[in-house]
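Working notes, beginning with the structure itself.
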Amino acid sequence: MPFLKIVVVGGGAAGFFGAITAAETFPDAEITLLEKSKTVLSKVRISGGGRCNVTHSCFDNRLLVKNYPRGASFLRPLLKHFDAASTVRWFENRGVRLKTEADGRMFPVTDSSETIITCLLQEARRLNIDIKTSWGVKSLTQPDGRWQLESLSGEVHTADRVLLAVGGYPQAPSYGWIPGLAPSGSSQTVLVEPVPSLFTFNTPANPLLSLAGVSVPDALIRVVGSKQEQRGPVLITHWGFSGPAVLRLSAWAARELAEADYRHEIRINWLAALNENQIREQFQAFRQQHPKKQVVTQSLFGLPTRLWAALATEAGISPTERWAELPAKAQNRLINLLSNSTFAVSGKSTFKEEFVTCGGISTEAVHPETLESRSYPGLFFAGEVLDVDGITGGFNFQNAWTTGFIAGKNIGVSPQT
């Protein structure tokens, strides 16, 4: 095949995987990877608290795609070529063993993201991939049939094929240099309006803020006026609420929460396995068995003692009040707070800098088998720049590995038209 110059824009997980796969598939190609910041793989470095949540231990692709609020149907056929099991094998074949934690997340056995970074950098060096940092793309054009990339400093690169793996941008104007983006509302639009995903809820008037650090392992949280709800661990923070259930809820409800300008109400059932009637029945049984015990100091249902005390106090129960003396009105208030606490949300916070963007290049704008642009032959997309995003747990990295692999496998083939 003819000599090819391939440029990969983006030094993250998808960019590296696309470049490495392209180099292995098309060994005669010259491959350059461009990264706008001073360091590559920065998101890999900070993910999972510095441990890198590589993928998720879910090897049934029908179940795996259920963890993607957007792009599930697009991603599922691609997983036939490179799925979570493929990811585990790929890294293990290069000396990186992964382990599975109780919640299904998979990390390197070293518990260090540097292990993953070192592996990817070694592979890139072995395959003679030229990595250039501090190289932000200002424009991408095709003046004479070949791609021309101009940097912010005026440097120019030419290429036969280009893979864009630039991650997600929080605002639409940041995508402006990518060819073919039509105005919002146009029938030609290939950019789905980007909004944040995976964020925590700010509740400044929350009476529980003093309990920052307290978590409940099984709570049910819902957005008032919406069908969106999630069950799982909820963490009380200095600014509001976080934890897996909150992050999942923010992902699934990303668009409607953006439309509400992140001002809405949430309701939390701190005892997800129980409803109001079941709580009431257990209250009655406890009153009969322990009438002289103080309500505030005797946490029920395995709730953290501090949370129980705070809810009991908010229900108007005094520290010395005993179960036998508890008025029905106070009991009803406590039951309501346990099963139906309501909080006003006013804003959001990024989750540990591991932000994810909902939106990006429409999956309809690319050939689904190759990830090549339908409008611009020779231009490919991979990773979060596409309108595909997952919840926490390694799913966004799996999207990066899968789409990077597919793009890399096809980038040296004659362009589709």
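Structure notes:
- Condition check for Asp83: within 24 Å of Ala29 (Cα to Cα), acidic (Asp, Glu) and in contact (Cβ under 8 Å) with a residue 60 or more places away in the chain: no
- Options Phe355, Phe283: the member that is under 38 Å from the mean Cα position of the chain (by Cα) and of a type outside the set (S, T, N, Q): Phe355
- Single residue of the stretch 393-417 satisfying the filter (surrounded by fewer than 24 Cβ atoms within 10 Å (Cβ to Cβ) and hydroxyl-bearing (Ser, Thr, Tyr)) that is nearest to Cys52 (Cα to Cα): Ser414
- Scanning the stretch 145-171 for residues that are in a loop (DSSP other than H, G, I, E, B), over 17 Å from Leu4 (Cβ atoms) and over 32 Å from the mean Cα position of the chain (by Cα) returns Ser153, Gly154, Glu155.
- The condition (being over 22 Å from Thr403 (Cβ atoms) and either hydroxyl-bearing (Ser, Thr, Tyr) or assigned by TED's automatic domain parsing to the domain that holds Ala23 (or both)) is satisfied by just one residue among Pro143, Pro69: Pro143.
- Which listed residue is in contact with an Asp or Glu (Cβ under 7 Å, 6 or more places away or on another chain) and either surrounded by 17 or more Cβ atoms within 10 Å (Cβ to Cβ) or of a type in the set (A, V, I, L, M) (or both), from Ser373, Ser339: Ser339
- Asp261 meets the conditions (1) surrounded by fewer than 16 Cβ atoms within 10 Å (Cβ to Cβ); (2) closer than 30 Å to Glu321 by Cβ in every case but one. The failed one is (2).
- Unique match (being part of a helix (DSSP H, G or I), in contact with a helix residue (DSSP H, G or I) (Cβ under 6 Å, 6 or more places away or on another chain) and modelled with pLDDT of 95 or more) among Glu24, Glu123, Glu114: Glu123
- Meets criteria (under 18 Å from the mean Cα position of the chain (by Cα) and part of a helix (DSSP H, G or I)) for Ser86: no
- Some residue of the stretch 86-94 being under 30 Å from Ala253 (Cβ atoms) and either touching a residue at least 60 places away in the same chain (Cβ under 8 Å) or in the same structural domain as Thr363 (by TED's automatic domain parsing) (or both): yes
- Top-ranked residue in the stretch 196-219 [being crowded, with 19+ Cβ neighbours inside 10 Å and among the β-branched types (Val, Ile, Thr); ranked as nearest to the chain's Cα centre (by Cα)]: Thr200
- Candidate set: the stretch 48-66, residues that are small (Gly, Ala, Ser) and either part of a helix (DSSP H, G or I) or outside the structural domain of Glu364 (by TED's automatic domain parsing) (or both); chosen: the one farthest from Phe16 (Cα to Cα): Gly49
- Among the candidates Arg231, Arg222, the residue that is among the charged types (D, E, K, R), surrounded by 18 or more Cβ atoms within 10 Å (Cβ to Cβ) and in contact (Cβ under 8 Å) with a residue 40 or more places away in the chain is uniquely Arg222.
- Looking at Arg280, Arg248, just one residue is out of contact with any strand residue (DSSP E or B) (no Cβ under 9 Å at 6 or more places or on another chain), charged (D, E, K, R), in contact (Cβ under 8 Å) with a residue 40 or more places away in the chain and at negative phi, and that residue is Arg280.
The values are calculated or read from the model by the stated rules, or taken from the named source; none is laboratory data. Nothing here was measured: the structure is a model prediction, and the numbers come from that model. All Cβ positions, glycine included, derive from the backbone under ideal geometry; neighbour counts span all protein chains shown.
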